Amino acid sequence: MSTSPIISVKDLVKTYKMGEVEVPALQGVSLEVETGEFLAIMGASGGGKSTFMNILGCLDVPTSGKYYLDGVDISSLDKDELARLRNRKIGFVFQSFNLLSRTSALENVELPLLYNPKVNSREVRERSMEALQSVGLADRAHHMPNQLSGGQQQRVAIARSLVNEPKVIMADEPTGNLDTHTSVEVMEIFQKLNENGITVVLVTHEHDIAQYAKQNIVFKDGLIDNHYAVENRKITFA
């Protein structure tokens with residue numbers, strides 16, 4: 001039985017206005033991401049990958065074109081509806097971890113659930129502990145971020161991204177502040193989550209990190225660069 005893609009974009013355009021000058025960031029991008037995919041987005045700074053990621057994450061809207069997330073046309077949503085969709089469908093992981101410094105690991109993980117009216121306080125605690133357990137940090141639940149290593153902080157961030165049981169995890173340079181050994185550990189967590197059925201979309205400038213994904217794409221000048229050939233679903237130079 002065929003299923004609809006979890007992400008579908010068609011002719012996506014994003015233009016920023018800098019005074020009277022229009023700066024094109026995306027120039028007509030079309031892409032489909034199937035449920036269960038692990039996609040790495042690469043490209044030089046200014047190529048459009050961050051703009052594309054922000055639109056996929058419902059943090060920004062396109063100037064024109066269509067974006068469907070799990071079958072929902074995001075252009076039809078107002079800000080409140082967009083926020084609810086984002087909180088329900090997407091988990092975010094950032095390079096800088098974005099943990100609240102004065103709250104424990106467990107409390108950081110609980111944050112997204114506080115905006116979910118369907119979850120009571122007991123469930124908030126249980127689901128947050130389960131998320132920490134899934135990244136191997138249940139024994140650090142009551143530690144503050146400054147008591148955790150960089151890798152542990154990123155694992156807390158991953159647990160936080162999981163707690164609302166999202167359809168997609170979007171990770172923006174998640175290993176950018178980590179050493180090589182810790183980066184491998186974090187990427188193995190993403191692989192495990194993907195093997196369990198979660199779609200992962202990852203932005204990275206590191207080729208060795210991109211190799212953990214099932215599919216790589218490269219952005220250049222606001223478009224997916226077709227000068228790269230896909231071989232075994234990995235990017236190689238044509």
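The values are calculated or read from the model by the stated rules, or taken from the named source; none is laboratory data. Because the structure is predicted, anything quoted here is derived from the model rather than measured. Quick reminder, even Gly has a Cβ in these numbers, built from the backbone with ideal geometry, and neighbours come from all protein chains shown.
Details
- Taken as a whole, region 207-229 holds no residue that is over 19 Å from N54 (Cβ atoms), among the β-branched types (V, I, T) and assigned to a strand (DSSP E or B).
- Any chance A157 is buried (at least 20 other Cβ atoms within 10 Å of the Cβ), more than 18 Å from I41 (Cβ to Cβ) and out of contact with any helix residue (DSSP H, G or I) (no Cβ under 6 Å at 6 or more places or on another chain): yes
- G151 being assigned to a helix (DSSP H, G or I) and under 21 Å from M187 (Cα atoms): yes
- Pairs with Cβ under 7 Å, 6+ apart, first in region 127-139 and closer than 12 Å to E165 by Cα and of a type outside the set (S, T, Y), second assigned to a helix (DSSP H, G or I) and at pLDDT 95 or above: A131/V109; A131/A159
- For region 94-109, the tally of residues that are more than 11 Å from M144 (Cβ to Cβ) and modelled with pLDDT of 95 or more stands at 1.
- For region 165-206, filtering for residues that are surrounded by 21 or more Cβ atoms within 10 Å (Cβ to Cβ), among the polar types (S, T, N, Q) and assigned to a loop (DSSP other than H, G, I, E, B) leaves 2.
- Condition met for G91 (of a type in the set (G, A, S), over 18 Å from V163 (Cβ atoms) and in contact (Cβ under 8 Å) with a residue 40 or more places away in the chain): no
- Candidate set: region 1-27, residues that are assigned to a loop (DSSP other than H, G, I, E, B) and touching a residue at least 24 places away in the same chain (Cβ under 8 Å); chosen: the one nearest to T204 (Cα to Cα): I6
- Some residue of region 72-86 being more than 19 Å from Q154 (Cα to Cα), in contact with a Leu (Cβ under 6 Å, 6 or more places away or on another chain) and buried (at least 17 other Cβ atoms within 10 Å of the Cβ): no
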